[in-house]
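Step one of this worksheet: look at the structure below.
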Amino acid sequence: MTALKQRWILVAAFLLFLSFQGGASGAPAAEVAALDEYLEMVRQGNHSLQAGVRNAEAAYYGVLASVSYQRPSVALSGSVSYVSDQQAGAAHNRNAMTYNTSLGLTHRFDLSGEYTLDERQQILFYESQRAAFDNSVNLLFAAAEDTYWSAVLARENIALQKDVLRQRRENNRVIEEKYRQQLVPRLDLIRSEAQVVAAESLVTEAEAQYRNLLSGMTALTGGTEVVPVEEPLAVPDFDLGAGLEEALLSRPDVRAARLALERGKLVKKLAAKGTAPTLTGAIRWTPWSDPWNASTPQDGEIGASLTLNIPLADGSSTRYRTLNADRLAQAAEASLRSAENSAKQDLAIALNDWERASALEKDKKRQVERSDEELRITELMYNEGMGAQIDLINAQTENQRVRTDYLNAVKGMYAAIVEFRRAIGDYAPDEEGTWKEAAARYGKGTAVVNEMRTLKLKEKN
């Protein structure tokens, strides 16, 4: 090999090494996070949550825009026109141009209380929209915590399956040695090797499940790779002090249904005022007009008017709109009852799941202790030549099953806690969301005209 070829090989090897180093350094490392840190990452990065915040802000602006008709309107207008033959008495003024500008102020006065009703129902609509957003937050964070604990338990399952695989390989090593010494038949060796292959398959399956859960966590954070912090697995303890009353008060979907019912009643009252009289006032000033009498009011004059309109018949429009609003209010009431029933059912299921998982954890823990002792004795007897291999395989299989069942029982306890918190709306922002709170926020009848204050979504997490 020539010196030139050697130099080119060294250069190529060096570039290859740099490319590997660059790829390794460029790959983002997954962040290790505890539960609170992970939920904060979800709050900051989840795209559906950000979309919900923007939708809530848009609904707020919609409230402000919807009541703009209640405020006076001001308009500046100007016009120019061409008249080919203008007559003033006996004289003719051909090819005349006329100009005028005017400034007008118009306001519709509320004689029947429509403004207050409309403002309240618009605010309640926004509050129900925000309650629906709070419900999506409640569901999102419940799913995020459930995924977190599922990933923690999936990692524990990997450790368990690897420990089983280690035991199976050690047993297989002993059996191979006995087979070489012709102490056991070949059938024992085949069975032992099959047990090793089965354990390897379970490890592969557990690792794939863990990776899938990590992918789910990454999706919930908006793309940030994250893994749960490694710490000893603790059996959860949870005080189930909250009851049905608290669930019905704090669940955002129940709150949204209650707000929808309140709004439906207001909409019905508003629809019934369809034939109420209206009074419109207008003031108009013409600062400049040429000729002076080309507009009304004329040049330099101010005109004012009041227009009272009393509807006599509207083709039964008011009647049918009122009936429509009444049926919608009845539907909202039925929806509220349905939401309350769902809350009752969810809370009952969560409590039952907690009790079942707690009892299973205690039972499975005792089973694991007995199974470990049984496996230890069976292995000892088989190694001493006093037991059958089938007894050893059965003991290994049973030990693996009860250990897996124990992990599932612990996982069920975490899942029940998450479901209980979701059932009472514990993941949602802490908001009352009633008309009383909304009136305090906006100022009944006046503050909707104020500039929008910063939307603050408080979250317990």
Set Thr275, Thr224: member being surrounded by 14 or more Cβ atoms within 10 Å (Cβ to Cβ), touching a residue at least 60 places away in the same chain (Cβ under 8 Å) and not in a helix (DSSP H, G or I)
Thr224
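I'd like to check something: does the range 281-289 contain any residue that is under 21 Å from Gln345 (Cα atoms) and open to solvent by less than 60 Å² (accessible area, probe 1.4 Å)? Steps first, answer last, please.
Within the range 281-289, the subset under 21 Å from Gln345 (Cα atoms) is none.
The answer is no, given that none of the residues of the range 281-289 is under 21 Å from Gln345 (Cα atoms) and open to solvent by less than 60 Å² (accessible area, probe 1.4 Å).
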Where residues in the range 51-84 are open to solvent by 70 Å² or more (accessible area, probe 1.4 Å) and touching a residue at least 24 places away in the same chain (Cβ under 8 Å), which of them is farthest from Leu139 (Cα to Cα)?
Leu76
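Being of a type in the set (Asp, Glu) and exposed (fewer than 13 other Cβ atoms within 10 Å of the Cβ) is the filter here; which residues of the range 171-219 pass it? Walk me through how you get there before you give the answer.
Within the range 171-219, the subset of a type in the set (Asp, Glu) is 176-177, 188, 193, 200, 205, 207.
Glu177, the sole residue that qualifies.
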Could you tell me whether any residue of the range 365-380 is assigned to a loop (DSSP other than H, G, I, E, B), open to solvent by less than 40 Å² (accessible area, probe 1.4 Å) and within 24 Å of Val174 (Cβ to Cβ)?
no
Of all residues in the range 129-173, which are of a type in the set (Val, Ile, Thr) and more than 14 Å from Arg421 (Cα to Cα)?
Thr147, Val152, Ile158, Val164
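Does Thr106 satisfy being at pLDDT 85 or above and within 30 Å of Pro277 (Cβ to Cβ)? Quick ask: steps written out before the conclusion?
Working: at pLDDT 85 or above: yes; within 30 Å of Pro277 (Cβ to Cβ): yes.
So Thr106 passes the test.
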Scope the range 94-146; condition within 43 Å of the chain's Cα centre (by Cα) and basic (Lys, Arg); matching residues
Arg108, Arg120, Arg130
Please work out which one of (1) out of contact with any helix residue (DSSP H, G or I) (no Cβ under 9 Å at 6 or more places or on another chain); (2) surrounded by 16 or more Cβ atoms within 10 Å (Cβ to Cβ) is the condition Ala257 fails and give its number.
(1)
Would you kindly identify the helices (runs of 4 or more DSSP H) lying entirely within the range 1-70 that contain at least 3 residues that are closer than 29 Å to Thr218 by Cβ and at pLDDT below 50?
3-26
If Val402 passes every condition in (1) among the β-branched types (Val, Ile, Thr); (2) under 15 Å from Asn157 (Cα atoms); (3) without any contact (Cβ under 8 Å) to a residue 24 or more places away in the chain but one, which one does it miss?
(3)
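Return yes or no: is Lys344 surrounded by fewer than 19 Cβ atoms within 10 Å (Cβ to Cβ), in a helix (DSSP H, G or I), at negative phi and without any contact (Cβ under 8 Å) to a residue 24 or more places away in the chain?
no
Quick check: anything in the range 189-201 among the basic types (Lys, Arg) and over 30 Å from Leu35 (Cβ atoms)? Full working, then the answer.
So in the range 189-201, the residues among the basic types (Lys, Arg) come out as 191.
The next check asks that each one be over 30 Å from Leu35 (Cβ atoms); those that pass are 191.
The answer is yes; a qualifying residue exists.
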Selected residue (criterion: modelled with the lowest pLDDT) from residues of the range 213-264 that are over 23 Å from the mean Cα position of the chain (by Cα) and closer than 22 Å to Glu40 by Cβ:
Phe238
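Per-residue answers, yes or no, for (1) touching a residue at least 24 places away in the same chain (Cβ under 8 Å); (2) within 21 Å of Ala271 (Cα to Cα); (3) open to solvent by 50 Å² or more (accessible area, probe 1.4 Å):
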| residue | (1), (2), (3) |
| --- | --- |
| Asn309 | yes, yes, yes |
| Gly315 | no, yes, yes |
| Arg319 | no, yes, yes |
| Asn324 | yes, yes, yes |
| Leu328 | yes, yes, yes |
| Ala332 | yes, yes, no |
| Ser338 | yes, no, yes |
| Ile349 | yes, no, yes |
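Determine, yes or no, whether Asp118 is of a type in the set (Asp, Glu), within 24 Å of Val67 (Cβ to Cβ), open to solvent by 40 Å² or more (accessible area, probe 1.4 Å) and in contact (Cβ under 8 Å) with a residue 40 or more places away in the chain. Working first, answer last.
Working: of a type in the set (Asp, Glu): yes; within 24 Å of Val67 (Cβ to Cβ): yes; open to solvent by 40 Å² or more (accessible area, probe 1.4 Å): no; in contact (Cβ under 8 Å) with a residue 40 or more places away in the chain: yes.
No; evaluated as a whole, the condition is false for this residue.
The values are calculated or read from the model by the stated rules, or taken from the named source; none is laboratory data. What you see is a predicted model, and the numbers here were worked out from it, not measured in a lab. Don't worry about glycine lacking a Cβ; one is built from the backbone with ideal geometry, like all the others, and counts go over all protein chains shown. Ligands, DNA and RNA are excluded from the accessible area calculation, which covers all protein heavy atoms including side chains. Shrake-Rupley method; radii C 1.70, N 1.55, O 1.52, S 1.80 Å.
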